[in-house]
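Trainee: I'd like to ask you about the structure that follows.
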Amino acid sequence: MNNLIDLTGKTAIVTGGARGIGRAIVSALAAAGCDAVIGDFRYEEALATAQRISEISARRIAAFKTDVTSLDDVHRLRDEALRLFGKIDVLVNSAGWDQLLPFVKTTPEMWDRVIAINFRGVIHTCHSILPHMAERKQGAIVNLSSDTARVGSFGEAIYAASKAAVIAFSKTLAREHARDHINVNVVCPGLVDTPLIDEMRKDDFTRKIIDSIVSYIPFKRLGQPEEIAPMVAFLASDASRYVTGQVFSVNGGLNMVG
């Protein structure tokens, strides 16, 4: 871990931290000296992740079953983090879900699930935790969006829209809470090799789209979760204290947007 990224003495909440990009983020934060609480509805996986990272890093990592679409669940996650560590310095919203379908074949039930997890979940955690950060006049929030939010993507109309909402929401919070010394930034991963991608590849339509996209990536491969996490750790650290309201793509060069 780069010496500039020092999170010693800090505590983070990471949603969706049980597996994939979220797990890599928890690992990167712990390697930089941060204690963390994982909030994930996959409790058994989250607990195993917490135990494994604790053993490797010698940091305190806890896990709680959390459905980010439930504001009550998010409040409980916040309260447990405060009970264990007394403060929350960093919030990382990594929980997300997607399903590739042409828009006209999607359903209201699918719209509701995508928006609830990808956007309302971010609303819930920020609304619950920001008052604590504002009272302490410090904090860092890193919200994971997606490159689809910046350029669109075939078969991901609702997903792209929900992730674009995360960007606009984050920029507004950055403006509102700069006076509280809270940094709010966004990381947009490209295609990353995660369990969700593995599950999505089981569908022929989705597999063809993913394979087509990979062919356009200059590096000709999917990203790895460990290649997303360092950017998040940087934005969570004091090394980025003059960075707020910004959007960073980590995508292997697939979309070179300004």
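The values are calculated or read from the model by the stated rules, or taken from the named source; none is laboratory data. Just so it is clear, the structure is predicted and the values come from calculations on it, not from any experiment. Because the Cβ atoms are built from the backbone with ideal geometry, glycine has one as well, and the counts that use them run over all protein chains shown.
Trainee: I'd like to check something: does the stretch 93-100 contain any residue that is modelled with pLDDT of 95 or more and of a type in the set (Ser, Thr, Tyr)?
Mentor: Within the stretch 93-100 (the criterion being modelled with pLDDT of 95 or more and of a type in the set (Ser, Thr, Tyr)), the answer is yes, since at least one residue qualifies.
Trainee: Please state which of the following conditions Pro108 fails to meet, knowing it meets all the rest: (1) without any contact (Cβ under 8 Å) to a residue 40 or more places away in the chain; (2) of a type outside the set (D, E, K, R); (3) in contact with a strand residue (DSSP E or B) (Cβ under 8 Å, 6 or more places away or on another chain).
Mentor: (3)
Trainee: From the list Arg52, Arg23, exactly one residue is in contact with a Ser or Thr (Cβ under 6 Å, 6 or more places away or on another chain), among the basic types (Lys, Arg) and either on the phi < 0 side of the Ramachandran plot or surrounded by 21 or more Cβ atoms within 10 Å (Cβ to Cβ) (or both). Which is it?
Mentor: Arg23
Trainee: Then there's this: Would you list the helices (runs of 4 or more DSSP H) that sit entirely within the stretch 75-175 and hold 1 or more residues that are under 16 Å from the mean Cα position of the chain (by Cα) and of a type in the set (Gly, Ala, Ser)?
Mentor: Those helices (runs of 4 or more DSSP H) span 121-136, 148-151.
Trainee: More than 13 Å from the chain's Cα centre (by Cα), within 17 Å of Gly20 (Cα to Cα) and part of a strand (DSSP E or B) - does that describe any residue in the stretch 176-186?
Mentor: No, the stretch 176-186 contains no residue that is more than 13 Å from the chain's Cα centre (by Cα), within 17 Å of Gly20 (Cα to Cα) and part of a strand (DSSP E or B).
Trainee: Among the residues of the stretch 241-251, are any in a helix (DSSP H, G or I) and out of contact with any Lys or Arg (no Cβ under 9 Å at 6 or more places or on another chain)?
Mentor: No: zero hits.
Trainee: Identify the single condition in (1) touching a Lys or Arg at 6+ places or on another chain (Cβ under 9 Å); (2) among the aliphatic types (A, V, I, L, M); (3) buried (at least 16 other Cβ atoms within 10 Å of the Cβ); (4) over 18 Å from Ile25 (Cα atoms) that Val74 does not satisfy, given that it satisfies every other one.
Mentor: Only one criterion in (1) touching a Lys or Arg at 6+ places or on another chain (Cβ under 9 Å); (2) among the aliphatic types (A, V, I, L, M); (3) buried (at least 16 other Cβ atoms within 10 Å of the Cβ); (4) over 18 Å from Ile25 (Cα atoms) is unmet by Val74, namely (1).
Trainee: I've got another one for you. Has the stretch 195-217 got at least one residue that is assigned to a loop (DSSP other than H, G, I, E, B) and closer than 14 Å to Ile21 by Cβ?
Mentor: The answer is no, given that none of the residues of the stretch 195-217 is assigned to a loop (DSSP other than H, G, I, E, B) and closer than 14 Å to Ile21 by Cβ.
Trainee: Moving on to the next point. For the stretch 91-138, which positions are surrounded by 15 or more Cβ atoms within 10 Å (Cβ to Cβ) and hydroxyl-bearing (Ser, Thr, Tyr)?
Mentor: The answer is Ser94, Thr106, Thr125, Ser128.
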